[in-house]
Amino acid sequence: MPVIIKDITDDEATVIMVDSNIQREELLISEKAFAYKMKYEALKRQGKQSDLTSCQVGKKLATAEEVSQNTGDSSRQILRYIHLTELIAEFLELADEKKLPFNTAVEVSYLRTEEQQILLQYMHNHNIVPSMEAGKGIETDFKKNGC
């Protein structure tokens, strides 16, 4: 069996691994989120952003654009997936099971861990899943109520 051996860095290996694995048809939302995050962080460490003088948002988008190549997801969608890695395990599981809509999961991911736990308990107590519109107001409500 022919074999090609290359001397590459850990970050280059991470990018290759993610590119290979992301092609699978049935990826869980959490798998995609963590894969994108791994590739994003590896590319940032490699310093492959095209414009290092841009503002921080510009840098994020430049790196996210590089991650998005050959994925079918836009750079903004890549950043949404990456933010899902901030979810507590229970919310990630709900997103994977498609019991929590993707966009709602992204909104919930902006809450602190304690706030996510409170929301999860409220959802269990009332047997509800917040809608996208409710998800947008969650963070505001927590701040208003001093949570």
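The values are calculated or read from the model by the stated rules, or taken from the named source; none is laboratory data. Source: prediction; values computed, not measured. FYI the Cβ positions are ideal-geometry reconstructions off the backbone, even for glycines, and counts take in every protein chain you see. In case anyone asks, the SASA skips ligands and DNA or RNA and just uses the protein heavy atoms, side chains included. Shrake-Rupley method; radii C 1.70, N 1.55, O 1.52, S 1.80 Å.
Structure summary
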item	result
Matching residues in the stretch 7-28 - criterion: being among the polar types (S, T, N, Q) and either at pLDDT 85 or above or assigned to a helix (DSSP H, G or I) (or both)	THR9, THR14, SER20, ASN21
Cβ pairs under 9 Å, 6+ apart, first in the stretch 88-103 and within 18 Å of ILE118 (Cβ to Cβ), second open to solvent by 80 Å² or more (accessible area, probe 1.4 Å) and of a type outside the set (A, V, I, L, M, F, W, C)	ILE88/GLN117; GLU90/GLN117; GLU93/LYS99; LEU100/GLU93
So LEU120, is it over 24 Å from GLU26 (Cα atoms) and open to solvent by less than 20 Å² (accessible area, probe 1.4 Å)	yes
Residue match in the stretch 69-77 (condition: at pLDDT 95 or above, surrounded by 16 or more Cβ atoms within 10 Å (Cβ to Cβ) and not basic (Lys, Arg))	yes
Count - residues of the stretch 98-113 that are closer than 16 Å to HIS124 by Cα and either of a type in the set (D, E, K, R) or open to solvent by 10 Å² or more (accessible area, probe 1.4 Å) (or both)	1
